[in-house]
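For reference, the structure discussed in these notes is given below.
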Amino acid sequence: MTDSTSPLDGAPPSEATTRLRGLEQAIHAARGRVDHEILDAADDLVRRGGERLQRSSEHTIVALAGATGSGKSSLFNALADLEIAGVGVRRPTTSWTLACAWGPAGGDEILEWIGVPPRHRVSRMSMLDRSTDDTKLEGLILLDLPDHDSTEVAHHLEMERLVKYADLVVWVLDPQKYADAAIHERYIRPMATHADTTLVVLNQIDRIAYDMRDMALDDVRRLVDEGGLTQTSVLAVSATRGDGVDELKRELARRIRAKESARTRLTSEITTRAGEVAQASGTTKTDGVTDAAAENVTSRLGEAAGVGSVVEAVGSTVRRGIRKRTDWPPTRWVRLRKPDPVMRLASQTEVDATQLVAAAAPSAGIVQRSAVDQAIRSFADDASGDLKTPWSLAIRDVTTARSAAIGDGLDAAVSETPLRVRVPVWASIVNVVQYLLLVAFVAGIVWWWVGSVLETDGIPAPGVIFGVDQGLVLALGALVAGLLLALIGLVASRMAERSKAAEARDLLNESVATVARNEVIAPVKDELERYNACRDGLHAALR
Amino acid sequence: MPSTHAPVELLAALGRLREQVEQTRLDLKTPEVEAHQRSRSRILDQLDDYVLPRLVQLDAPMLAVVGGSTGAGKSTLVNTLVGETVTESGVLRPTTRSPVLIHHPDDAEWFGPDRLLPDLPREGTHGLRTVARTGVPAGLALLDAPDIDSIDDRNRALSRQLLEAADLWLFVTTAARYADSVPWEFLTSAVERDASVAVVLDRTVPEAVEEVRRHLARMMTSRGMSDSPLFTLPESTIDPDGLLPADAVHAIKRWLHELAQHEGARETVVRRTLDGAVRQVVFESTDLGRAIDAQLEAASLLHQEADTTYESAERGLSTSFADGSLMSGHVAARWQDFVGTGAAVSAEDDRRGHQRARTLGVADALTSAITATFIERTRTAAEQTAMAWYGTRFGRAQLDLHPGLDRASAGVEADAETTVRDWFEGVQELVRERGSDRRMTTNYLALGVHGLAVSLAVAVVTRDAPGSERGDIARRLVASVFGDDGAAALVSTVADDLESRIRPVFASERRRYLDLVESPESIALRQASLIEMARRADNARHVDHLDREGAS
């Protein structure tokens, strides 16, 4: 992608970046074809993912999410070893997101990015941390999110916005609400693809009688498994009494040290979004436009455009033009009696296709619209192959939906093809010779008639050659020469017809091919290229 | 003595309304159709499960449904109220899967499967269990419903159904739950339909009771529930039988007993909920009727797209069968062969074979051009309709549901071929029939039936192309046998015949789309009668109300 505004421009090279680039390419190619809601959701991820990749990879954003009263704030306090988050009996308690950042610089930049204002941030210096090595939370950015299930709709929206930014989400459940549909169906289950960047914590474990705890934990495990998150760890803690908090810290510390959560989370989100795009767009392989298909549509369009009849008309015009000049004149006069529109043209030395077309098909254009439609449709259907609806519609949009315009284009291309149908110069010379011979023939007859038959005075009687009268010899000679010349003209006119027809066919085919290429084949190829770009992008994203 | 007879007028009006609601189809995927479908089934459930049975037997005992969130302690409360364990409770969520109805032994006759919630199973995990205990007063039954918010959606649906069949809601919540959105959705809907509700705040640590209670009371007031009683149960130890100490539930118990024993109070509660439910049904039906506008609009749009596309395709086809455009390319060449070489005017026997071949050439070329154009038009029309439908969400849903609509039907090619062949045979038949008395004329003999039929066909497809040389020749050929008037009459007969043969093919192609979507006219008709029935039911409700005011 050379898109100058790509959110991925400054992202360091990594597998996640490559995948995001693939997704971005797919979205770009599928715009206007695939359902825009799906593309927008994916685009949102590309933007957010790109922004995350450009920011500190030393930090891991962990969000505590859960129902009102599940003890998110108490757990936040327990993890931070501070009493910063307000805890109370009135529901809902936390209305805004609190954040605590441990360790290296860069945390503020991230919090700025996700929109937690400075007054809701706390930072913990690592030197003050009294944790042991394996519970050191260096690099952690902990978010205490508002609830998702209270009557305060603003809380749900804030929570849904922020949960997207988290590299790791800790769902905090409690003994009363752990089986609520609100959390499982709306949040945890849709996250099945992010199982390894999700933790489930059953808080307030102290509220359950000691011998019932395992049973309750098993039940939570069952619900989480049923949602398809078998990879997700389930921990039991009591934020107020401190049971299990160290274990949770160790788990978090392990993830922070591995520094993989951000990328893992991003990768699994890419898989989800790219999967959605792939579902809508389809990823079957396309053969593209084969040379055979392109040739086929070109020749069918040529046929529909009446190339054959124009070529025929060109040939016969040339043939008749030559015959008209080389035939023995008296035979021409007989032939010309018959009216023939094409023959009329033959008396001119130059004609163009428009005239020929008019002569060949006076009442309408030469293009057979239904044949054009058919040729285009079968080409489009062939090219679409097994493509899913968005793409086959896109292909139709540039082909069958435009077939009237394509027909007009063909019409124009054929009639504007410069077919200079020129009767060769030698035919005109022969014409002169023919008339001279005719004159010689008539003169010979007259001479013979006047000199020998009438024996008119003053006109020398023709001599005798080989015992035949000279005038008669002249007349017969001229007649034979004229007929011979006519015969040669006939043969030459056939040859000229063939070569001119071939020449015209080449010219017309070239015109038709240009229209076919520009108006039919290229648009389909473009569309298939887009499809392939989308498919390749998805392939890279789903690798 | 309050009137306890069934209000016949209202019952009849609601019965007719129910019929209309049941017939309402919401097939098209308009933006809010799911909500309307839910509303439709809610109206039906409400009528079947509560309103109609309640109206028929106004003196039946009051049904109090104990509902609320998972883990709120509903079962413990019910057990304590009854005084013994009748329903299970525990730490695993959700607990109550099968609802339990507890009534006084004297009231048994009212709660048989034939009278209460007839379509609810009585067995299985979600089946309704009925138990008779003297712990509940006569005239009142308690129903322990499953939770409203657990992951088990069967539970949620069942719970909604039970709550909507109740005369009185006993809504249980806890300190951790009272601000949850799901329970409040239920409560708000109860307020909307004026159902009688009592709220029980359960499982609250003693030090938080006062603050939470005050906050909850304020939430209730701000949401229109200021007359609903609010009971508090502090978190207390449960005895080995799973019961709370008796004095913890004393206030609730006394309130319920008073309601059960005082007929006037019971009647008021039942009537209030029933009136509210009837009003809700009427309002919701009216809303449903209005919501059909979207369906109507969508159906009109889809029908219109199909209609205009096919009409213009048919018109376009008629035009191209008259304006001479078919006489181009191959067809023109064959016709030129036929007329230009004198085949049309040569009667010599030795050239018959030749003439016949040329005649057939024109006939073939012309009929295949007509067929091809015909098929192309049906294909284009199908594609255009599909593309237009695809542009809307509901249209797309229909296309996804019925694959193959993006192209013409599979049989259309064969149909078109048969149609055109039959038509041309008809042309020959007509020539033979009309020409029976001219059979021996020179021109008839020269052209033959086939030559005349071909000429007639050419005259037809060029009839609206004045100045067409070919059409002129064809007309003159036909006129040479039948005379000018006869030729004109033949041309118009044959043209009409072609159109009337094409029409059914287009109609059946178009019907593939139209049949999928109920016609706007029929939707509008049913919408009008739904709204009318809702209006009549509303009238009957008012009349019933006035009757009762007058009686008391």
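The values are calculated or read from the model by the stated rules, or taken from the named source; none is laboratory data. Because the structure is predicted, anything quoted here is derived from the model rather than measured. Positions of Cβ are generated from backbone atoms using ideal geometry, with glycine treated the same way; all protein chains shown enter the neighbour counts. Just so you know, the surface numbers come from the protein's heavy atoms only, side chains and all, with ligands and any DNA or RNA stripped out. Shrake-Rupley method; radii C 1.70, N 1.55, O 1.52, S 1.80 Å.
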In chain A, which helices (entire DSSP H runs) extend 30 Å or more along their own long axis, judged by Cα positions, while averaging at least 1.0 on the Kyte-Doolittle scale? A:425-447
Could you sort the peptides B:416-429, A:302-315 by per-residue average Cβ neighbour count (10 Å cutoff), highest mean leading? A:302-315, B:416-429
Rounded, prolate or oblate for region B:85-233? Axes are the square roots of the Cα gyration tensor eigenvalues, ordered a ≥ b ≥ c, and the cut-off for rounded is a/c under 1.5. prolate
I need the Kirkwood Rh of region A:148-221: take the reciprocal of the average 1/r across all distinct C-alpha pairs and report it in angstrom. 13.5
When the accessible area of region A:1-107 is computed with all protein chains present and a 1.4 Å probe, what percentage of it is carbon and sulfur? 49
For a paramagnetic label modelled at 7 Å from the Cα of B:D247 toward its Cβ, which residues of region B:198-227 fall within the zone defined by backbone nitrogen distances under 17 Å? B:206
Can you pull out the buried accessible area for chains B and A, both sides counted, probe 1.4 Å, rounded to the nearest 100 Å²? 4200
Rg over Rh, two decimals, chain B (C-alpha only, Kirkwood Rh): 1.32
Could you compute the FRET efficiency for B:V543 and B:R356, with r as their C-beta to C-beta distance and R0 at 60 Å, rounded to 0.05? 0.10
Please work out the FRET efficiency for the pair A:K164 and B:D497, using the Cβ-Cβ distance as r and a Förster radius of 60 Å; give the result to the nearest 0.05. 0.35
Based on the mean of other Cβ atoms within 10 Å per residue, sort peptides A:156-165, B:359-368 so the most packed one is first. B:359-368, A:156-165
Which of the trypsin sites (Lys or Arg not before Pro) across region B:199-241 are loop residues per DSSP, with 16 or fewer other Cβ within 10 Å? B:R223
Decide, for region B:271-318, between rounded, prolate and oblate: order the square roots of the alpha carbon gyration tensor eigenvalues as a ≥ b ≥ c, take rounded if a/c falls under 1.5, and otherwise choose prolate if a/b is larger than b/c, else oblate. prolate
Shape call, region A:170-212: gyration tensor on alpha carbons, a/c limit 1.5: prolate
When ranked by the protection proxy of mean other Cβ atoms within 10 Å per residue, highest first, what sequence do the peptides B:509-522, B:63-76 form? B:63-76, B:509-522
Mind giving me the nanometre distance, one decimal, between the label points for B:D114 and A:D381, set 7 Å out from Cα along Cα→Cβ? 6.3
Using just the Cα positions, wrap chain A in a convex hull and report its mean projected area in square nanometres, one decimal place. 38.7
Calculate, in nm to one decimal, what A:R90 and A:S233 gain on full extension: separation in residues at 0.36 nm each, minus their alpha carbon distance. 48.4 nm
With point charges of +1 on the Cβ of Lys and Arg and -1 on the Cβ of Asp and Glu, referenced to the Cα centre of the protein assembly as shown, which listed residue (B:G135, B:G112, B:A382) lies farthest in the positive direction of the dipole? B:A382
Enter the mean number of other protein chain beta carbons within 10 Å of the beta carbon of each residue in A:177-190, as an integer. 5
Give the average, rounded to an integer, of partner chain Cβ atoms located within 10 angstrom of each Cβ in A:205-214. 1
Would you mind getting me the FRET efficiency between B:S519 and B:L58? Use the beta-carbon distance for r and R0 = 45 Å, nearest 0.05. 0.60
Region A:183-312 - Rg and Dmax from Cα coordinates, angstrom: 29.1, 101
For region B:205-224 the residues that are at least 50 Å² less accessible with all protein chains than alone, 1.4 Å probe, are B:E211
What per residue convex hull volume, in Å³, comes out for region B:394-466 when only alpha-carbon positions are used? 133
Let me know the mean shielding of B:315-324 by other chains, meaning the per-residue number of their Cβ atoms within 10 Å of its Cβ. 1
Where does region A:459-543 land on Rg(C-alpha)/(2.2 N^0.38 Å)? 2.86
For region B:116-186, what is the convex hull volume of its Cα atoms per residue in Å³? 121
Please work out how much length the chain gains when fully extended from B:L230 to B:E84, using 0.36 nm per residue of separation minus the C-alpha to C-alpha distance, in nm with one decimal. 50.2 nm
Could you work out how far apart the two model spin labels at B:R38 and A:W426 are, taking each label as a point 7 Å from the Cα in the direction of the beta carbon, and quote it in nm? 9.2
Over the protein assembly as shown: Kirkwood hydrodynamic radius from C-alpha pairwise inverse distances, Å: 37.9
Report D for region B:369-527 in µm² per second (integer): Stokes-Einstein, Kirkwood Rh on Cα pairs, 37 °C, 0.692 mPa s. 180
Can you compute the modelled spin-label distance between B:L11 and A:A258, with each label point 7 Å from Cα toward Cβ, in nm? 6.9
